[in-house]
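Notes to accompany the following structure.
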Amino acid sequence: MQTKKIITTTLLATALLGATTVTATVLVQPNAMQAAATTNVQTRALSKSYVVYGAGASDQSALATTLGVTDSYEKLTTTGADASYIGLSGVADSAMISSVAIAPAEPGTGTLVNIKNFDGKDNITQVTSQQYAMAATMAGVKDVIITVTANQQVSGQAALAGVYKALDTDGITLNEQNTSAANNMLAATTDAVNDNKDDKAYPGKLTSAVTNTASELAEKKQDGQNITINIAIDQLNINLDKQGIAEKTSDAAVQTMAQALVGVADAPISDSSSFVDNAKSLSNKLENSAGDAMAKAKDFANSEDVQQAANWFVTNIWNPIVNFFKGLLNK
């Protein structure tokens with residue numbers, strides 16, 4: 001009888017669940033899971049754009065405007081049942097608040113994420129754009145642009161359920177062990193990010209170090225090496241030092257992240273040479289990424305999305321800068 005591997009995913013529930021911690025335990029038979037996996041990494045481009053509203057989110061019209069969606073986006077809704085995409089069960093529909101838009105990116109772009117304020121408020125309180133991009137890549141996602149928002153304060157971790165549902169609807173089914181490992185990795189980086197909230201560059205440097213470590217451990221695995229917790233800790237510490245954030249990252253945080261990295265190494269995603277390349281590429285982009293906007297208009301594959309993104313940039317970034325300097329000149 002094969003030994004079952006227990007993967008425990010701890011995520012903060014969103015919205016009405018407040019700070020309640022929900023723990024989901026998934027029993028996985030590794031060999032059976034790998035045999036059943038037909039796709040470790042997304043192998044074709046997203047065929048169209050999607051917008052996925054949380055079932056508990058109100059004012060979809062305002063959310064659509066914030067996300068920059070058009071009539072060409074297929075509309076979906078995440079319910080409590082869809083929390084299974086991120087390893088949770090027993091979640092109420094009303095707790096699904098985060099909403100996402102997901103659009104095809106130019107080939108080779110990887111996964112880029114923008115978080116947008118709703119009515120001037122940053123309602124995604126726990127997860128950074130860089131953490132989303134890291135986790136989605138470890139789940140097997142590539143060449144998409146994800147935009148996240150919420151009309152009330154939420155942790156934001158459930159937003160990935162909307163991403164996975166959109167891909168599933170498009171016929172791109174991700175491996176469950178990969179998504180579980182990716183969700184664990186997202187949760188594992190949270191404490192370190194929270195410990196360094198005053199350093200805007202820290203999330204990018206941390207996720208760069210973690211993503212690069214995941215790539216390196218996958219290479220070691222493919223060379224036949226057994227990935228242990230000590231190997232993961234040593235490799236992660238090397239990359240944290242390269243990013244200049246080793247002293248800012250506690251030993252406890254390193255231990256937690258290394259455990260999650262072993263889970264990624266154990267998942268089918270780490271058998272893929274494509275993942276090694278995708279993770280290395282993303283690591284380079286994350287290194288100098290700071291703030292909520294990773295993607296630019298040029299990164300979108302669809303011309304309509306490019307225009308929407310350009311309009312958003314002008315309205316939300318360029319115009320405020322211009323108005324600020326006009327105000328200084330008029331004083």
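The values are calculated or read from the model by the stated rules, or taken from the named source; none is laboratory data. Since the structure is predicted, the reported quantities are computational estimates derived from the model, not experimental observations. Cβ placement follows ideal geometry from the backbone for every residue including glycine, while neighbour counts extend to all protein chains displayed. Side chains are part of the model used for accessible areas, which takes the heavy atoms of the whole protein and leaves out ligands, DNA and RNA. Shrake-Rupley method; radii C 1.70, N 1.55, O 1.52, S 1.80 Å.
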Please go through the range 111-141 and give me each residue that is farther than 19 Å from THR190 by Cβ, open to solvent by less than 30 Å² (accessible area, probe 1.4 Å), of a type outside the set (Val, Ile, Thr) and assigned to a loop (DSSP other than H, G, I, E, B), ordered by number. LYS116, GLY140
Sort out for me the helices (runs of 4 or more DSSP H) sitting completely within the range 142-203 that have 1 or more residues that are of a type outside the set (Ser, Thr, Tyr), within 24 Å of ALA265 (Cβ to Cβ) and open to solvent by 10 Å² or more (accessible area, probe 1.4 Å). 176-188, 190-195
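Suppose the filter is assigned to a helix (DSSP H, G or I), open to solvent by 10 Å² or more (accessible area, probe 1.4 Å) and at pLDDT 95 or above; does ALA209 pass it?
Working: assigned to a helix (DSSP H, G or I): yes; open to solvent by 10 Å² or more (accessible area, probe 1.4 Å): no; at pLDDT 95 or above: yes.
Considered against the rule, which asks whether it is assigned to a helix (DSSP H, G or I), open to solvent by 10 Å² or more (accessible area, probe 1.4 Å) and at pLDDT 95 or above, ALA209 comes out as no.
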Neighbours by Cβ (under 6 Å, 6+ apart or cross-chain): first from the range 46-71, open to solvent by 30 Å² or more (accessible area, probe 1.4 Å); second part of a strand (DSSP E or B): ALA55/THR77; GLN60/TYR53
Looking at (1) within 30 Å of THR65 (Cβ to Cβ); (2) modelled with pLDDT of 95 or more; (3) surrounded by fewer than 22 Cβ atoms within 10 Å (Cβ to Cβ), which is the only condition ALA252 fails? (1)
Quick one: how many residues across the range 207-253 are farther than 21 Å from ASN288 by Cβ and in contact (Cβ under 8 Å) with a residue 60 or more places away in the chain? 3
